[in-house]
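Down below is the structure, laid out as structure tokens.
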Amino acid sequence: MSERHALTRRIRRWLVFFIVCLVLSGITAFPLVTELRWVEDLLSASASPVPEHLPGLMEWITRVREGLDTIHRDQPFMLYGTDWLAFAHLVIAVAFYGPYRDPVRNIWVIEFGMIACAGIIPLALICGPIRDIPFWWSVIDMSFGVFGVIPLLLVRRMIKRLELLEQAPAATPAPAAV
């Protein structure tokens, strides 16, 4: 297998991983009310150490679940915003098919994703306090940007190497001895 082919395969594997993560995070934004109920039930189960060892987390999950229940009951149209959040994740995932097909030509999608990952940090730091989000939860949100940029940095570096391989002149056979 050529170096170019091996590099393209690695790029595609990382992109599939990234796309799957985006799709999963998008899909899980649709059933938030049900998911929060499950999480609260799981964390408050008799075998769970969370209520005893992490009471702040338990209080936060309960607060969020109660808020979602209230919105779901009294103002269900508000959850339409999270539907759009989910849709955005799915659309962004589709955009990464471009670099999957032609990494060098579509490196801009990778760079766009890196900018989006970086943008998570100021968003969480600015909007978190405005929306009364605990700082530790904002840190969790910011970690999505930090962990999301890692595969994109790796992919970008591999695409740059692939670009150099594609620009290198093709090896020509040595002239025959006369």
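Across segment 10-66, the number of residues qualifying as assigned to a helix (DSSP H, G or I) and either within 27 Å of VAL94 (Cβ to Cβ) or touching a residue at least 40 places away in the same chain (Cβ under 8 Å) (or both) comes to 24. Inside segment 118-136, residues that are surrounded by 16 or more Cβ atoms within 10 Å (Cβ to Cβ) and touching a Phe, Trp or Tyr at 6+ places or on another chain (Cβ under 8 Å) make up a count of 2. Remark: pairs (first residue in segment 89-103, free of Cβ contacts under 8 Å to residues at least 12 places away in the same chain; second residue part of a loop (DSSP other than H, G, I, E, B) and open to solvent by less than 50 Å² (accessible area, probe 1.4 Å); Cβ separation under 6 Å; 6+ apart in sequence or on different chains) = GLY98/ASN106. Here the condition is being loosely packed, with under 15 Cβ neighbours inside 10 Å and closer than 30 Å to LEU164 by Cα; of ARG12, ARG63, ARG73, ARG101, it holds for ARG101 alone.
The values are calculated or read from the model by the stated rules, or taken from the named source; none is laboratory data. In this text the structure is predicted, and so the values were computed from the model without any measurement. Quick reminder, even Gly has a Cβ in these numbers, built from the backbone with ideal geometry, and neighbours come from all protein chains shown. Keep in mind that these areas ignore ligands, DNA and RNA; they rest on the heavy atoms of the full protein, side chains included. Shrake-Rupley method; radii C 1.70, N 1.55, O 1.52, S 1.80 Å.
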